Amino acid sequence: MAVLKADGYGHGADELAPLAVKAGASFIGVSSLEEGLALRAVKIKCPILVLGSIFPLSNYAVALNSGLTPIVASWEAAKVLDQTAKRLKKKAPFHLKVDTGMGRIGVSLRGAQSLLDRLKKLNHVRLEGVFSHFSSADTDPNTTFDQLKKFYNLRQVISDMGFKDVIFHMANSAALLRFPETHLNLVRPGISLYGVSYTDGGKSVKLAPVLTWRSKVVFLKKASIGTSISYNRTFVTTRESEIATLPVGYADGVPRSLSNKGAVLIKGHRCPIVGRVTMDQIMVDVTGLSVDVGDDVILIGKQGDEEITAAEFADWAHTIAYETFCGISKRVPRVMVK
Ligand SMILES: *Cc1c(COP(=O)(O)O)cnc(C)c1O
């Protein structure tokens, strides 16, 4: 399953979905009905699992009418799905979401058993999959195997109950890359599809980043010693400086916390962000680099021998690459390079 929620982690799900299908994905994962409908609108035909809760439950009709596979995480939801499918004269496949320790959405292990016991009374739904989500696959093997064990036990119970051809799935990117035991019938990578390398000290899996975030130098000035840059004068030059202005700011997804902190690549060099990040622009120090207006700027990606990864960019803002990607706002054009 290619997880393309949040517009493909900000990359553009419309373009990525056909590529995922072509590359062999049998499912696409999205977070909401709206995201699923958006993919149906661009003619994506493959199974789409809506990973989040459907609310209100009457919206199950929307899912069924567009062939989106919903999750069920309570008996009440199963009943409403069954009634909805009956009314629409359909048999509705669904995936049961079980909470093995994430503490977000999912029926408890005991709840899952009693739900499945009662499921036989419902004639218009079909248990296509059962899944759960790891809380700490990237950081904590013990917790991960504890969750996995619970899920394996449930799988045994479900098979003893006579359910056939059920797809069991649990692995996110970290579990997929670290723990083959978690692979089961289907894996659900998100972040690794976008080429964020995995490292945990010892082990590492190097992946090729999908996204490069580019800008251009739009203004250049020489600043004498003592020149203040940007709001509130938090940066004052201590040497004769050349300062470039880039048309990208926090409204585009450069966090304001990168003020006087992050860097960009110009002419293959790291150029520090100086002064406050503003809504629409940032300034960087390009002293001695013979930069011209119009020169290419890399915010995330490679230039010459230098690279700023999404992980490093995220780290400057004390966050993770996921949030950085999702934070690149809609006004930044996405250009697909084949
Ligand atoms: C987001 C998500 C994934 C993908 O997680 P990554 O860490 O990006 O691989 C998988 N499953 C569920 C239920 C998710 O919400």
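The values are calculated or read from the model by the stated rules, or taken from the named source; none is laboratory data. All figures in this text were calculated on a predicted structure; none of them were measured in a lab. Cβ placement follows ideal geometry from the backbone for every residue including glycine, while neighbour counts extend to all protein chains displayed. Only protein heavy atoms, including side chains, enter the accessible area calculation; ligands, DNA and RNA are left aside. Shrake-Rupley method; radii C 1.70, N 1.55, O 1.52, S 1.80 Å.
List of remarks:
- In units of the rule-of-thumb radius 2.2 N^0.38 Å, the stretch 19-98 shows an alpha carbon radius of gyration of 1.06.
- Neighbourhood net charge (12 Å Cβ-Cβ; Lys/Arg +1, Asp/Glu -1) for A112: +3
- Cleavage-rule hits (trypsin sites (Lys or Arg not before Pro)) in the stretch 208-248: DSSP loop, at most 15 neighbouring Cβ within 10 angstrom: R239
- Using a probe of 1.4 angstrom and keeping all protein chains present, the accessible surface of the stretch 137-211 works out to 51 square angstrom per residue.
- Considering all different alpha carbon pairs of the chain, the Kirkwood hydrodynamic radius works out to 22.4 Å.
- Between the stretch 75-137 and the stretch 191-241, the C-alpha centres lie 45 angstrom from each other.
- For the stretch 188-338, Kirkwood radius (reciprocal of mean inverse C-alpha pair distance, Å): 16.1
- Value at 222 nm in deg cm²/dmol, rounded to 500, when DSSP H runs of n ≥ 4 in the chain each add -39,500 (n - 2.57): -8000 deg cm²/dmol
- Surface composition of the chain: carbon and sulfur atoms hold 53% of the protein heavy-atom accessible area at a 1.4 Å probe.
- Gain upon complete extension [V218, E128; 0.36 nm per residue less C-alpha separation]: 27.0 nm
- Residues in the stretch 275-281 carry Karplus couplings, in order, of x, 5, 5, 9, 4, 10, 8 Hz; the curve used is 6.51 cos²θ - 1.76 cosθ + 1.60 with θ = phi - 60°, and Gly or Pro positions show x.
- Theoretical FRET efficiency, 1/(1+(r/R0)^6), r = Cβ-Cβ of N65 and M102, R0 35 Å, to 0.05: 0.75
- Shape category assigned to the stretch 296-338 from the gyration tensor of Cα positions, a/c cut at 1.5: oblate
- Working note: Karplus 6.51/-1.76/1.60 with θ = phi - 60° gives the stretch 186-191 the couplings 7, 10, 10, x, x, 4 Hz, where Gly and Pro are set to x.
- Theoretical gain in end-to-end length, S58 to R87 [0.36 nm per residue, Cα-Cα removed]: 9.3 nm
- Percent of Cα-Cα distances greater than 20 Å, calculated over the stretch 1-135: 45
- 3J(HN,Hα) from dihedral phi, the stretch 317-330, Karplus parametrisation 6.51/-1.76/1.60, rounded to Hz, x for glycine, proline: 9, 6, 9, 10, 4, 3, 6, 4, 4, 5, x, 6, 6, 5
- In units of the compact-protein estimate 2.2 N^0.38 Å, the stretch 141-224 shows a Cα radius of gyration of 1.77.
- Separation of the M161 and C326 label points, Cα + 7 Å toward Cβ, nm: 3.1
- Screening the chain for whole DSSP H helices with an alpha carbon extent of at least 24 angstrom along the helix axis and a mean Kyte-Doolittle hydropathy of at least -1.0 yields 141-160.
- Charge tally in the Cβ shell below 14 Å around K221, where Lys, Arg are +1 and Asp, Glu are -1, K221 excluded: -3
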